[in-house]
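Participant: This is the structure I want to talk about, given as structure tokens.
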Amino acid sequence: TYKLQNKNDAVNNVSLYLRWNGSSVDQGPDDGAADVQWTLVSLGNGLYNLVNQGMKLGVTGQSTQYGASLSVSSTADASQAWQFIPIDSTHFELANQQSTNANGTNMVLEVPNWLTTSGTALDVWGYDGAENKQWVLVPVS
């Protein structure tokens with residue numbers, strides 16, 4: 001089980017993590033509760049489901065649009081397959097295998113507009129090397 005921290009938040013000393021707050025997927029503080037704890041379930045071929053309290057992280061409505069929001073569901077769909085693509089020894093991008101941009105590349109999980117405030121809804125966007133699209137896996141102890 002892991003917490004996922006955005007690199008931009010870590011650089012700015014903001015301890016926010018990928019969180020499912022029961023109604024949306026956003027970034028929030030580590031309150032020690034299950035809302036920031038994600039289990040990685042291998043689908044094979046380097047793809048994973050990110051599962052929080054039995055619910056799988058996906059793109060809302062299986063959208064392929066820039067800025068599409070995230071959601072969780074217990075029902076399987078194609079937007080719930082994610083690939084961890086290494087950036088360096090610590091950071092990775094989290095590419096959604098169903099959402100592709102106009103260039104045919106997978107869109108990635110991001111914190112929009114580099115925001116470092118709790119409650120910011122997360123989305124997917126094209127990867128451009130920016131820190132708001134890079135993540136760290138933090139093991140839950």
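Participant: Can you pull out the residues in the range 5-35 that are part of a strand (DSSP E or B) and either at pLDDT below 90 or in contact with a helix residue (DSSP H, G or I) (Cβ under 8 Å, 6 or more places away or on another chain) (or both)?
Facilitator: Asn6, Leu16, Tyr17, Leu18, Arg19, Trp20, Gln27, Gly28, Pro29
Participant: So if I check each of Ser118, Ser63, Ser71, which one is more than 25 Å from Val14 (Cα to Cα) and of a type in the set (Gly, Ala, Ser)?
Facilitator: Exactly one of Ser118, Ser63, Ser71 is more than 25 Å from Val14 (Cα to Cα) and of a type in the set (Gly, Ala, Ser), namely Ser63.
Participant: Next question. Output the number of residues of the range 86-112 satisfying the condition of being without any contact (Cβ under 8 Å) to a residue 24 or more places away in the chain, surrounded by fewer than 18 Cβ atoms within 10 Å (Cβ to Cβ) and within 22 Å of Gln62 (Cα to Cα).
Facilitator: The total comes to 4.
Participant: Contact list please: Cβ distance under 8 Å, first residue in the range 26-38 and at negative phi and surrounded by 13 or more Cβ atoms within 10 Å (Cβ to Cβ), second residue assigned to a strand (DSSP E or B) and of a type in the set (Ser, Thr, Tyr), pairs at least six apart or on different chains.
Facilitator: Correct list of pairs: Gln27/Tyr17; Gly28/Tyr17; Pro29/Tyr17; Asp30/Tyr17; Val36/Tyr17; Gln37/Tyr2; Trp38/Tyr2.
Participant: Mind counting the residues in the range 65-85 that are out of contact with any Leu (no Cβ under 9 Å at 6 or more places or on another chain), part of a loop (DSSP other than H, G, I, E, B) and open to solvent by less than 60 Å² (accessible area, probe 1.4 Å)?
Facilitator: 3
Participant: Sticking with this structure for a sec: State all residues of the range 122-141 that are open to solvent by 60 Å² or more (accessible area, probe 1.4 Å) and either part of a helix (DSSP H, G or I) or in contact (Cβ under 8 Å) with a residue 60 or more places away in the chain (or both); if no residue qualifies, say none.
Facilitator: Within the range 122-141, just Pro139 meets the criteria.
Participant: Consider the range 10-20. How many of its residues are in contact (Cβ under 8 Å) with a residue 24 or more places away in the chain and under 24 Å from Gln80 (Cβ atoms)?
Facilitator: 4
Participant: Also, quick follow-up: Can you list residue pairs whose Cβ atoms sit under 8 Å apart, with the first residue in the range 43-64 being aromatic (Phe, Trp, Tyr) and the second being in a strand (DSSP E or B)? Count only pairs 6 or more apart in sequence or on different chains.
Facilitator: Every condition considered, the pairs that remain are Tyr48/Leu40; Tyr48/Val41; Tyr48/Ser42; Tyr48/Trp82; Tyr48/Gln83; Tyr48/Phe84.
Participant: Which residues, taken from the range 49-60, are part of a strand (DSSP E or B) and either closer than 22 Å to Asn8 by Cβ or among the β-branched types (Val, Ile, Thr) (or both)?
Facilitator: Within the range 49-60, Leu50, Val51, Asn52, Leu57, Val59 meet the criteria.
The values are calculated or read from the model by the stated rules, or taken from the named source; none is laboratory data. Predicted, not measured: the structure shown is a model, and the values here were computed from it. Note that we place each Cβ from the backbone using ideal geometry, even for glycine, and neighbour counts take in every protein chain shown. These area figures cover heavy atoms from the full protein model, side chains too; ligands, DNA and RNA do not enter into them. Shrake-Rupley method; radii C 1.70, N 1.55, O 1.52, S 1.80 Å.
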